[in-house]
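Written out below as structure tokens is the structure these notes cover.
The values are calculated or read from the model by the stated rules, or taken from the named source; none is laboratory data. Since this is a predicted model, take the numbers as computed values, not measurements. All Cβ positions, even for glycine, are placed from backbone atoms using ideal geometry, and neighbour counts span all protein chains on display.
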2 protein chains.
Amino acid sequence: MGGDHAPGEIVAGALRAKEELGVNILLVGDPQQIKAVMPPKINMDRLEIVPAEEAIAMDEEPLNAVRKKRKASINVAMDLVKKQQADAVFSAGHSGAAMASALLRLGRLPGIDRPAIGTVFPTIVAGKPVLILDVGANVDCRPKFLEQFAVMGSIYSQYVLGMPEPKIGLLNIGEEDTKGNDLALKTYELLQKNQQINFIGNAEGRDVLSGDFDVIVCDGFVGNVLLKFAESLGGVILQILREELPQGLHGQIGTAILKPNLKRIKQRMDHAEHGGALLLGVDGICFIGHGSSQAPSIFSAIRMAKEAVDNQVLTRLQSQYQILQNEAD
Amino acid sequence: MGGDHAPGEIVAGALRAKEELGVNILLVGDPQQIKAVMPPKINMDRLEIVPAEEAIAMDEEPLNAVRKKRKASINVAMDLVKKQQADAVFSAGHSGAAMASALLRLGRLPGIDRPAIGTVFPTIVAGKPVLILDVGANVDCRPKFLEQFAVMGSIYSQYVLGMPEPKIGLLNIGEEDTKGNDLALKTYELLQKNQQINFIGNAEGRDVLSGDFDVIVCDGFVGNVLLKFAESLGGVILQILREELPQGLHGQIGTAILKPNLKRIKQRMDHAEHGGALLLGVDGICFIGHGSSQAPSIFSAIRMAKEAVDNQVLTRLQSQYQILQNEAD
């Protein structure tokens, strides 16, 4: 029920995932609205509509709304995961509400102090994305939170994004281990000592899109500023291209010829095409799509969710932290 | 003596400024090297070479180097400002050394706890840049530091960049005054109460390039990450254009026709073209250029320095803080 193009694009993406990925789909929401956007002769194999009486609107205060609207679609969907009737949940709706619902219904994984939101950015190396976390769930962080983000990010990068031995970086303002604010300096020490991850050092702002790192950890304030800045670039570049390209006849001809290329460039820059955000650290697989998500984004989020389930990401996280726990005892 | 293209490009930019802006130029450094890059029949009116025996290299620890190399070119240049034999200093060398030298030789302005580095970003509105500060001088900030950045930024925006009634924003993760980390929440309160500035609210990452703000304040950690990320974009975009544009004959023709436009786009995205960084809060006018600065950047930095001097930015800052001081008494 959530997102600018719900339920039409959500259903379209989910149906494509059912056919191409062989997954079972549970569509949670108002059955009438959902049925209205379905093709008339739909094959209902591996497809179910789970009714939910309410939905949370974008302008509602998330924690209150999630608590008050117990039958909201996001809560019903989380409960399906909780009751193991579903393996993963995806929402393109209110991301704060999805996060609150996940925390309240699923709870945190043992060993995790704070769940984080991770986002996949494209890099200049085609097909080699970088996972940035946290991008907004935790604005004031302690060093051990960032260490947990690094461990969770490493597992997601390896088993969901398919990066062998993910290279982990700490977002910082210099390469040297003496650089950074108090949080970064203390986190650097923890990451360097951590045997569970392949920490390769500080990542500066200029390294984010370089393809040199598979995972970059930061506090949710910096991550959110960076994410929203990056999200605005697609539009900024299009605006500049619009102003700079069509000057004179030659320019117009060039622009016309290049139109499909320019569209592809925008897609490549546009991180929303890359599947939205991952909620890491709750006791269930959760993906949060951009409000503007259309069918291709829904499809790729479901594909990532399937990877997470097939590769037992949650079990891996739990055993990772069990080891840490035992070592600490 | 500092920067990748010193002294050739520095001298070229300075000589252009002398001719076009009517300023007096003092070139500080090794006379032999400087003379070697000067045109043979140079007019020495309003031009002087001030010898300096040493220079600080890019890999030196700034504070130590500035203290030990008392005759380094940056120290000699700062002393000229201190002794009022120069009105402003520009360096494209080690920015940490320039900052340390300014602090040690010129000292802070009364009322300023921490000097900040400000950088001018282009926005999607042509000719309407935004001043971001701090971009790296202070990685752990207190709310009153950010308030001081806002006041200094407002004066620089008005009297150096020519923005009437500069619109001030606080870099944050949401529009509402309830959003943000501890630093942002407390800074918001201070900025809202401050009568000296036109504070218009929180600026999210997506607002940085929108042209809606003239000045955006943040701590030096976030600002530095954002600056270096933005600096990397010119190269990232060129790389993507290179990969995406020349596919097939049509694409190649289009690319050839558009070549001059693409170059202009890169220049427009490239913040280094926009004149480098300002050191705000020391008792003197200081501009710090990018190490890669070439003559046009040097020229535009000198033009900004002249604006700062002509419009008595330092006196304005001092009287601003004198008023605040008196009100507090």
*Which condition number does residue A:8 fail, the rest of (1) modelled with pLDDT of 95 or more; (2) surrounded by 14 or more Cβ atoms within 10 Å (Cβ to Cβ) being met?*
(1)
*Go through (1) farther than 30 Å from residue A:111 by Cα; (2) buried (at least 20 other Cβ atoms within 10 Å of the Cβ); (3) modelled with pLDDT of 65 or more one by one and return the number of the condition residue A:288 breaks.*
(1)
*Pull up segment B:190-204, narrow it to residues that are part of a helix (DSSP H, G or I) and without any contact (Cβ under 8 Å) to a residue 24 or more places away in the chain, then point me to the one that is nearest to the other protein chains (Cβ to nearest Cβ).*
B:192
*Extreme residue, surrounded by the most Cβ atoms within 10 Å (Cβ to Cβ), among residues of segment A:90-133 that are within 14 Å of another protein chain (Cβ to nearest Cβ) and polar (S, T, N, Q)*: A:119
*Residue by residue through segment A:180-189, note down the ones that are among the hydrophobic types (A, V, I, L, M, F, W, C) and either away from chain B (no Cβ under 11 Å) or surrounded by fewer than 21 Cβ atoms within 10 Å (Cβ to Cβ) (or both).*
A:185
*Could you tell me whether segment A:134-143 includes any residue that is away from every other protein chain (no Cβ under 11 Å) and surrounded by fewer than 24 Cβ atoms within 10 Å (Cβ to Cβ)?*
yes
*Of all residues in segment A:157-179 being facing chain B (nearest Cβ under 10 Å) and in contact with a helix residue (DSSP H, G or I) (Cβ under 7 Å, 6 or more places away or on another chain), which is nearest to residue B:223 (Cα to Cα)?*
A:173
*Give segment B:108-130 a look and list any residue that's within 17 Å of the chain's Cα centre (by Cα), in contact (Cβ under 8 Å) with a residue 60 or more places away in the chain and farther than 18 Å from residue B:90 by Cα, or say none.*
B:114, B:121, B:122, B:123, B:128, B:129, B:130
_With in contact with a strand residue (DSSP E or B) (Cβ under 9 Å, 6 or more places away or on another chain) and within 18 Å of residue B:287 (Cα to Cα) as the only criterion, which of B:47, B:26 stands out?_
B:26
*segment B:205-232: number of residues that are crowded, with 23+ Cβ neighbours inside 10 Å and either more than 7 Å from chain A (Cβ to nearest Cβ) or free of Cβ contacts under 8 Å to residues at least 60 places away in the same chain (or both)*: 14
_Failed condition for residue B:186, given (1) assigned to a helix (DSSP H, G or I); (2) among the basic types (Lys, Arg); (3) under 18 Å from residue B:205 (Cβ atoms)_ = (3)
*Residues satisfying the stated conditions in segment B:75-89, i.e. in a strand (DSSP E or B) and either more than 16 Å from the chain's Cα centre (by Cα) or surrounded by 24 or more Cβ atoms within 10 Å (Cβ to Cβ) (or both)*: B:89
*Could you list, in sequence order, all residues of segment A:33-74 that are assigned to a loop (DSSP other than H, G, I, E, B) and over 19 Å from residue A:14 (Cβ atoms)?*
A:53, A:56, A:57, A:58, A:59, A:60, A:61, A:69, A:70, A:71
*Looking at residue B:26, is it under 27 Å from residue B:310 (Cβ atoms), assigned by TED's automatic domain parsing to the domain that holds residue B:106 and not in a loop (DSSP other than H, G, I, E, B)?*
yes
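Against the condition at pLDDT below 65, under 13 Å from the mean Cα position of the chain (by Cα) and not charged (D, E, K, R), how does residue B:272 come out, does it pass? Steps first, answer last, please.
On the way: at pLDDT below 65: yes; under 13 Å from the mean Cα position of the chain (by Cα): yes; not charged (D, E, K, R): yes.
Answer is yes for this residue.
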*Just wondering, is there one or more residues in segment B:244-264 that are surrounded by fewer than 20 Cβ atoms within 10 Å (Cβ to Cβ), at pLDDT 70 or above, more than 7 Å from every other protein chain (Cβ to nearest Cβ) and over 16 Å from the mean Cα position of the chain (by Cα)?*
no
*In segment A:118-140, which residues are closer than 21 Å to residue B:179 by Cα, at pLDDT below 95 and among the hydrophobic types (A, V, I, L, M, F, W, C)?*
A:135, A:137, A:139
